[in-house]
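Reviewing the structure listed below.
The values are calculated or read from the model by the stated rules, or taken from the named source; none is laboratory data. In this text the structure is predicted, and so the values were computed from the model without any measurement. Cβ placement follows ideal geometry from the backbone for every residue including glycine, while neighbour counts extend to all protein chains displayed.
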């Protein structure tokens with residue numbers, strides 16, 4: 001299959017997988033704390049990836065390991081905890097929509113940090129997307145006064161981490177296989193994840209025998225293996241065969257899947273929140289309309 005067609009297949013699969021991740025996080029938090037969820041998600045994904053692709057680690061050059069380590073923390077470790085903490089206060093559907101700012105942030109950082117060129121449509125798209133983001137947070141805080149919408153900024157912070165990571169992969173890791181990147185990421189994250197899990201009191205007897213914890217472990221297993229492990233490999237490949245902005249445009253369709261799951265789980269989502277969500281997605285769409293050209297960052 002040609003790269004042009006293949007990238008759309010990857011995009012569709014990732015939309016379905018990551019769109020379902022938000023409800024899995026929500027369900028996992030019933031029996032686990034955010035620290036436990038983030039650590040277990042990392043450890044389960046690491047075990048899975050090591051079993052299917054440990055040999056790929058040998059292909060990583062010594063000079064590339066610094067980028068693999070940075071990518072691991074920014075693209076996986078830190079966001080896993082940020083999303084877990086965010087969903088203790090905001091709905092999973094709202095978190096997914098806020099995550100759709102990733103392409104806009106990718107573009108902004110690409111221009112400011114990685115000297116990527118930009119055009120008028122991309123500038124307009126960024127402004128529209130930011131307006132939609134602010135509107136969504138304000139409306140969400142209004143209709144859900146019992147929720148602390150300051151936690152929404154944790155999702156924005158996670159999106160910034162993703163944006164930096166995708167630019168790093170595109171610029172510095174083109175010659176590393178997607179499987180090697182994923183395995184390298186998680187190898188360096190095992191010890192930090194174990195430390196966090198140990199400090200979270202997960203191994204106390206009252207935690208290990210709790211039936212809620214057992215159910216949450218099932219959810220986190222699916223989230224780690226499919227939503228983190230397999231999806232990580234697919235996303236790395238998508239970045240390599242497309243552009244950084246196209247790869248992060250997976251966040252166009254993630255909210256559709258996530259919002260459907262949220263509505264089925266009795267989450268509240270108003271017309272104004274829908275309008276704000278559409279504004280965000282419109283901004284991302286406009287920023288992707290034309291090739292990057294004409295205006296150069298100074």
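Assorted remarks:
- Of all the listed residues (265, 210), the sole one being at pLDDT 85 or above, surrounded by fewer than 17 Cβ atoms within 10 Å (Cβ to Cβ) and touching a helix residue (DSSP H, G or I) at 6+ places or on another chain (Cβ under 7 Å) is 265.
- The residues of the stretch 128-148 that are surrounded by fewer than 17 Cβ atoms within 10 Å (Cβ to Cβ) and part of a helix (DSSP H, G or I), listed by number, are 131, 134, 138, 141, 142, 143.
- Any hit, the stretch 221-234, residues being touching a residue at least 40 places away in the same chain (Cβ under 8 Å) and over 21 Å from residue 52 (Cβ atoms): no
- Of all residues in the stretch 233-253, those satisfying the criterion of being at pLDDT 80 or above and either within 15 Å of the chain's Cα centre (by Cα) or closer than 21 Å to residue 39 by Cβ (or both) are 233, 234, 235, 238.
- Test: residue in the stretch 177-190 that is without any contact (Cβ under 8 Å) to a residue 40 or more places away in the chain, more than 18 Å from the chain's Cα centre (by Cα) and more than 28 Å from residue 284 (Cα to Cα): no
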